[in-house]
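See below for the structure under consideration.
Only the coordinates and a few stated rules stand behind these numbers; no lab work does. As the structure is a computational prediction, the values presented were derived from the model and not from experiment. With ideal geometry, Cβ positions are generated from the backbone for all residues, glycine too; neighbour counts draw on all protein chains shown.
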Amino acid sequence: MTSPEREIERLRTPGLGSPLPAVPRQRQEEPASVPAQFPQDCLTLLVVGDDPQDAFTVEQALAAAGTRVRIRRARNLTEVGRLLTDDVNCIMLDLDLPGRQELETLHEVLRLAPRTAVLGITGEADTGRGAEAVRIGAQDYLVKGELGGSWLTRAIRYAVERKRADISQRQLAESRLRARENARLERGLLPNPLLGGAGLSFAARYRPGRSRSLLGGDFYDTVRSPDGTVHAMIGDVCGHGPDEAALGVELRIAWRALTFAGIGGEELLTTLQQVLEAERPDDEIFATLCAVDIAPDARSADLYLAGHPVPLVSRAGSAPELLPYEEGGPALGLLPGGHWPRRRVELGDAWSLMLYTDGLIEGRVGEGSARLGQDGMVDVIGRLLREGLSGQHLLDAALVEVERLNEGVLTDDVAMVLLDRG
């Protein structure tokens, strides 16, 4: 076997007679959204093509320029998926692979490696295909007859840094978009409470569950009517996207308008169900809701539940507990002609009332499948109260503790409302 043939065979069998370290298969701990920086000591390339001589030529050219290199060779897309790890600095793709439609392989490589720089390799007579590859998404293209050492190193460096710049620019644009989305969210889902003269303290916390989003399906509101009654509600539209958030805004605005119009109790919930049925994108969408009407003297309240978790009350000198409630009605939009009975609850002189959505109690506890649940949430709030926390600090600390128990950010939307008297 000739020397070049031995080298080709070595490339086919990673680690066999190679002076370079073995290629790590485990993904390195890199930021998920940013490709690996251009290395100063050793370069990792994934060469995609059916000719092993291409990988040998690339390695020879880079070695002649004094650039250390690890070469991985993939003959098809299956091998690309297996060999592509976060430490790959650049993919060099033969744009003339036989048996596939024009640039079809490039589309697939870009899909498999959205955060990795890609260089197309084409023949001298087909530079038009290279230009088209750049238009589609490759960082640059190379002509096979021009794979010179120092020039090739600069081309790879340029491709890696250009990919990093593109990703950074896209992240900046997404950040600005989320900031505008957040402003709309605050105007819609996070309203200003209207509690003038009520003698109650108000705090709220909202955390969307959808990844990299600021919109969710949870909503809440609190107002005081002219007769002195304080009306508070919190709800949860099933789902986490902008459509669910928009429906939540509609329900919140409808609730506030109906409340100021003097409509309450079961009639209000029936009307909200009609609004939901008219506005939801499909018949599978429903919303849970908890509504509390606190009497003008703030010593008692009427409670209505539409498939929603019961609120938590803390009174001076006693441990927090769930409000008593034996039965509630169905979630809005779940059943036609639903019935939502009223439950009168006594609050006392000094109390703290917390309304929340189920995202707070559905987080995991430990490594198993156990959930925090309402009892676990009562324990968490009890510990924080004994530490002297209240108001906004209490809600912030509660969310931090629940996420600590979950060993990560909660996947569902979370909303909390806290009303304090005395």
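Computed over the Cα atoms of the stretch 77-137, the ratio of the radius of gyration to the Kirkwood radius (Rg/Rh) comes to 0.95.
Highest mobility in the GNM of the chain, judged by mean-square fluctuation with C-alpha springs under 10 Å and restricted to Ala203, Ala397, Ala261, is found for Ala261. For the chain, a Gaussian network of Cα nodes joined below 10 Å ranks Gly239, Gly120, Gly128 by mean-square fluctuation, and the top entry is Gly128. Net charge of the neighbourhood of Gly391, taken over other residues with C-beta under 13 Å away and scored Lys/Arg +1, Asp/Glu -1, is 0.
What does the C-alpha gyration tensor say about the overall shape of the stretch 337-400? Classify as rounded when a/c is under 1.5, otherwise prolate if a/b is larger than b/c, or oblate. Before the final figure, lay out each step's value.
Values: a/c = 2.35, a/b = 1.14, b/c = 2.06.
Oblate shape, in that a/c is at least 1.5 and b/c is the bigger or equal ratio.
With labels modelled as points extended 7 Å from the Cα through the Cβ direction, what inter-label distance (nm, one decimal) is found for Glu407 paired with Leu335? Simple spin-label model gives 3.9 nm for this pair. From least to most packed, judged by other beta carbons within 10 angstrom and beginning with the fewest, Lys144, Lys163 follow the order Lys144, Lys163.
Could you tell me the calculated FRET efficiency between Leu190 and Val134, based on Cβ-Cβ distance and R0 = 56 angstrom, to the nearest 0.05? Walk me through the intermediate numbers first.
Numbers: r = 44 Å, r/R0 = 0.79.
After rounding, the FRET efficiency stands at 0.80.
Which residues make up the longest stretch of the chain clear of GluC sites (Glu not before Pro) that lie in a DSSP loop with no more than 14 other Cβ atoms within 10 Å, not counting the sites? Could you put the intermediate results ahead of the total?
Details: sites that count: Glu29, Glu102, Glu284, Glu326, Glu327, Glu367, Glu387, Glu407.
Formally, the longest exposed-site-free interval is 103-283.
Within the chain, DSSP assigns beta bridges of which about 70% are antiparallel (rounded to the nearest 5).
So how strong a dipole does the stretch 218-363 carry about its Cα centre when Lys and Arg Cβ are +1 and Asp and Glu Cβ are -1, to the nearest 20 debye?
On the way: 9 positive and 24 negative charges, 116 e Å.
Roughly 560 debye, rounded to the nearest 20.
Seen from Arg299, the other residues with C-beta closer than 15 Å to its C-beta sum to a net charge of -3, counting Lys and Arg as +1 and Asp and Glu as -1.
At R0 = 45 Å, how high is the FRET efficiency between Ala165 and Glu279 if r is their beta carbon distance? Nearest 0.05 is fine. Step by step, r from the Cβ atoms, then E = 0.60. Among Phe260, Phe286, the ranking by other beta carbons within 10 Å of each residue's beta carbon, starting with the fewest, stands as Phe260, Phe286. On the beta carbon distance between Ala63 and Glu367, with R0 = 51 Å, the FRET formula returns roughly 0.60.
Just want the ordering: Cys290, Cys238, from fewest to most Cβ atoms lying within 10 Å of their own Cβ. Don't skip to the answer; put the middle values down first.
Numbers: Cys290 26, Cys238 16.
Exposure proxy ranking, most exposed first: Cys238, Cys290.
So which trypsin sites (Lys or Arg not before Pro) in the stretch 227-300 are both in a DSSP loop and have at most 15 other Cβ atoms within 10 Å of their Cβ?
Working: sites: Arg252, Arg256, Arg299; in loops: Arg299.
Answer in residue order: Arg299.
Consider a paramagnetic label point 7 Å from the Cα of Asp375 along Cα→Cβ; state which residues of the stretch 309-340 have an amide N under 20 Å from it. Counting only backbone N, you get 309-314, 319-327. The alpha carbon radius of gyration of the chain, expressed as a multiple of 2.2 N^0.38 Å, is 1.39. Springs between Cα atoms under 10 Å define the GNM used for the chain, and in it the highest mean-square fluctuation of Ser201, Ser314, Ser150 occurs at Ser150.
How big is D for the stretch 189-421, in µm² s⁻¹ as a whole number, if Stokes-Einstein is applied with the Kirkwood radius of its Cα pairs at 10 °C and 1.306 mPa s?
Values: Rh = 17.8 Å.
Answer from the Stokes-Einstein relation: 89 µm²/s.
Rounded to the nearest 20 debye, the dipole size of the chain about its Cα centre is 1300 debye, using +1 on the Cβ of Lys and Arg and -1 on the Cβ of Asp and Glu.
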